[in-house]
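Since the structure comes first, as structure tokens, the remarks are kept for the end.
Coordinate-derived values only; no laboratory data. Being a predicted model, the structure only gives us computed values, none of them experimental. Neighbour counts run over all protein chains shown; Cβ positions are idealised from the backbone, glycine included.
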Amino acid sequence: MPIPSGLPVVDHHCHLSPAGEGVEAARRFRAAGGTHLFLTTQNYDRVPPRSLEDYERQFATTESLARRIREETGTVVYPVIAPYPVDLVDAVGTLGPGGARDLQRTALDLAGRWVRERRAFALGEVGRPHFAVPEVVAQVAEEVLAHAFEVARESGCPIVVHAAELSGEELAALAARARSAGLAAGRVIKHYSRRRLSVAERHETVPSYLAERELVLSVRNDPGPWFLETDFLDDPARPGAVLDIATVPRRARAIAESGPSGAESLWVPFVESVERVYGWRPEPLREAPR
Ligand SMILES: [Zn+2]
């Protein structure tokens, strides 16, 4: 069976840069059959942000790129914004632990305001550097994450967690921290999940699976919520560092053709999971401009 017409085909986590392939990458995504992108912010400058104004400029770059992609390719784009946890390595060095923590907290407050204004749709990426960092940096990251839970609760949105691969126990701890901050664990998305997680292991957190062929085929019949993503980086200096932007539509076609219930199962990552985790349905696709 082909992909049902009218079904959104959603990449739940990618990065695009005006200095990289940018809008053209979104055009390739559309041409491959993709329809909706969750566009996560990133550093667009050589040095990480060191002031709130730097973060505001970064978020504005993401927003204006999202607008151009919508206008020029018809792709539906949902910006996801937050100060990147890895930025803390630089910020602790230049601003000190207190300064770095306050910077990321105020940047999260700004991101939360944009979510409430529906200029962004989740807080991401938040969490911890995925590599070993000095204890002081790790400590600040945990304090910032605590604030992210609160801002997400106040703004009524999910958080998209950046961290090394987490065990079931670590996901349980994350879920417990979210709940104690008043945020439902079902609003905690672990992005870049690279192994299949049973419902029991998830502890109500939500995996966003990297759309590698074997992984996609192993999770396709799992109960939701779960998402598919490429984590496309759009960095010409690092070709092939992550999956190509056209991967999710290709995998969607493979799932649809995998058996009688294949097409049906695509509703889980592309529609039902968005509805359950974000609280709204992906908007219908507009006609792509010719
Ligand atoms: Zn990412």
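Before moving on, here are some points about what is shown:
- Number of the exception - Ile189 against (1) in contact with a Pro (Cβ under 6 Å, 6 or more places away or on another chain); (2) away from the ligand (no atom under 16 Å from the Cβ): (2)
- Of all the residues in the stretch 4-22, those that are closer than 20 Å to Ala82 by Cβ and assigned to a loop (DSSP other than H, G, I, E, B) number 4.
- Matching option when the condition is small (Gly, Ala, Ser) and surrounded by 15 or more Cβ atoms within 10 Å (Cβ to Cβ), among Ala164, Ala175, Ala132: Ala175
- Positions within the stretch 27-57 being surrounded by fewer than 22 Cβ atoms within 10 Å (Cβ to Cβ) and within 16 Å of the ligand (Cβ to nearest atom), in sequence order: Gln42, Asn43, Tyr44, Pro48
- The residue pairs whose first member lies in the stretch 30-41 and is touching a residue at least 24 places away in the same chain (Cβ under 8 Å) and of a type in the set (Lys, Arg), whose second member is more than 16 Å from the ligand (Cβ to nearest atom) and not in a loop (DSSP other than H, G, I, E, B), and whose beta carbons are closer than 8 Å, counting only pairs six or more residues apart or on different chains, are Arg30/Thr73.
- Qualifying positions in the stretch 196-212 - on the phi < 0 side of the Ramachandran plot, surrounded by fewer than 18 Cβ atoms within 10 Å (Cβ to Cβ) and out of contact with any Ser or Thr (no Cβ under 9 Å at 6 or more places or on another chain): Ser198, Val199, Ala200
- Qualifying residue in the stretch 6-18 (condition: more than 17 Å from Leu110 (Cα to Cα), within 16 Å of the ligand (Cβ to nearest atom), touching a helix residue (DSSP H, G or I) at 6+ places or on another chain (Cβ under 6 Å) and β-branched (Val, Ile, Thr)): yes
- Within the stretch 245-283, restricting attention to residues that are within 30 Å of Ser155 (Cα to Cα) and of a type in the set (Ser, Thr, Tyr), the residue that is surrounded by the fewest Cβ atoms within 10 Å (Cβ to Cβ) is Tyr278.
- Only a single item in (1) more than 14 Å from the chain's Cα centre (by Cα); (2) within 16 Å of the ligand (Cβ to nearest atom); (3) at negative phi is not met by Phe232, and it is number (1).
- Boolean, Val206 is more than 16 Å from the ligand (Cβ to nearest atom) and β-branched (Val, Ile, Thr): no
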